[in-house]
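Trainee: The structure that follows is given in the form of structure tokens.
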Amino acid sequence: MLVEEGDLVQAGQPVARMDTRDVNSNLEKALSHAREAANALTESKANVGQSKAENLLAQQQIERTRKLLADGYATREKLDQRQQILSSSDAALRAANARVGAAEQALAAAQQEVAYFKIMNGDGTLVSPRPARVEYRLVNTGEVVGAGARIMTLIDLTNVYMTVFLPTTEAGKVTIGSEGRMVLDALPNLVVPGHVTFVSPTSQFTPKTVETKSERDKLMFRVKVRVDPEILAAHQSQVRTGLPGVSYIRLDPATDWPDRLKANVPP
């Protein structure tokens with residue numbers, strides 16, 4: 001475990017590392033097989049070159065023997081021997097080319113095995129997918145965990161929002177992108193700007209944990225007011241989750257915010 005609860009982490013930062021000594025051992029073995037396959041391919045190509053040279057010599061010898069036979073300086077038996085040598089040379093060249101193909105396939109298989117264990121080794125390091133804070137560490141160093149087990153919980157510091165509930169008359173006027181202002185109970189003098197990013201398409205009864213002035217039996221629409229990412233980037237260390245507060249949404253773009261709801265988050 002490379003981080004503690006409460007730590008801020010950046011995108012791509014390692015947060016935990018598995019014991020991958022067995023994977024590393026298999027990777028070294030795969031690399032050794034790949035080197036052997038590469039050497040075998042080099043040897044097979046060299047054998048092809050040698051077989052081509054021998055085949056060319058056999059062709060030249062049979063051409064010379066034909067000319068000597070025509071001039072009476074060679075026998076038919078000698079020509080037949082040269083023809084047999086050429087046929088054997090042709091077969092040897094085909095076999096050498098086949099061995100090159102087999103060596104290439106063996107090298108490709110070895111390289112795929114190396115790539116597989118490299119991926120396995122890379123998967124042994126868990127990295128943060130985005131800027132975040134470690135909320136919970138669910139395991140400790142030395143523990144054995146199963147596939148898909150949770151290691152820790154991260155809070156995404158780039159997506160912080162407040163969930164509010166509006167009655168039908170107000171929810172119908174809210175559009176995606178409407179300006180919002182959030183005031184937390186813990187910081188009543190701080191007005192945080194934001195925008196509406198979600199309006200539920202279906203209504204629901206107000207949750208019991210939400211205090212509203214409307215009667216609880218009236219249907220409400222869930223709305224998300226998201227804090228502007230620029231503000232989050234400048235105040236990552238101050239971001240908290242689960243804090244109660246009040247969110248205000250401007251339904252009429254032509255209406256200015258009152259002085260008490262003008263954004264005052266320092267840059």
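Trainee: By counting other Cβ atoms within 10 Å of each Cβ, how are 62, 119 ranked from fewest to most?
Mentor: Placing the least packed residue first, the sequence is 119, 62.
Trainee: For the chain, what does the equivalent ellipsoid look like in terms of its semi-axes, each the square root of 5 times an eigenvalue of the Cα gyration tensor, given largest first in whole Å?
Mentor: 80, 24, 16
Trainee: Using only C-alpha atoms and all pairs of different ones, pull out the Kirkwood radius for the stretch 158-261 in Å with one decimal.
Mentor: This gives a value of 14.4 Å.
Trainee: Quick one: the Cα spread of the stretch 69-192 along its three principal axes, in angstroms, biggest first?
Mentor: 117, 47, 24
Trainee: While we're on this one: Counting pairs on different chains as well as pairs 8 or more places apart, how many Lys pairs in the stretch 15-167 have Cα atoms under 26 Å apart?
Mentor: Here the count comes out as 5.
Trainee: Between helix 21-70 and the chain, what is the angle of the helix's C-alpha long axis to the longest principal axis, kept within 0 to 90° and rounded to the nearest 10?
Mentor: The angle comes out near 30 degrees.
Trainee: Springs between alpha-carbon pairs under 10 angstrom, Gaussian network model over the chain: which of 130, 94, 222 fluctuates most?
Mentor: Per the Cα network of the chain with a 10 Å cutoff, 94 tops the list.
Trainee: Across the stretch 178-183, in residue order, what do the Karplus-derived ³J(HN,Hα) couplings come to in whole Hz, using 6.51 cos²θ - 1.76 cosθ + 1.60 with θ = phi - 60° and x for Gly and Pro?
Mentor: 4, 6, x, 9, 10, 10
Trainee: Also, quick follow-up: What does the helix-only formula give at 222 nm for the chain: each DSSP H stretch with n ≥ 4 adding -39500 (n - 2.57), the total divided by the residues, and the result rounded to the nearest 500 deg cm²/dmol?
Mentor: -14500 deg cm²/dmol
Trainee: Taking the chain as the reference, fit the longest principal axis to its C-alpha atoms, fit the long axis of helix 76-123 to the helix C-alpha atoms, and give the angle between the two in degrees, 0 to 90, nearest 10.
Mentor: Its long axis makes an angle of about 20 degrees.
Trainee: When the C-alpha atoms of the stretch 19-123 are aligned to their principal axes, what extent does each axis show, in angstrom, from largest down?
Mentor: Here the spans come out as 80, 13, 13 Å, largest first.
Rule-based calculations on the coordinates, nothing more; no lab input. Computed from a prediction, not measured in an experiment: that's the story for all the values here. We place every Cβ from the backbone using ideal geometry, glycine too, and count neighbours over all the protein chains shown.
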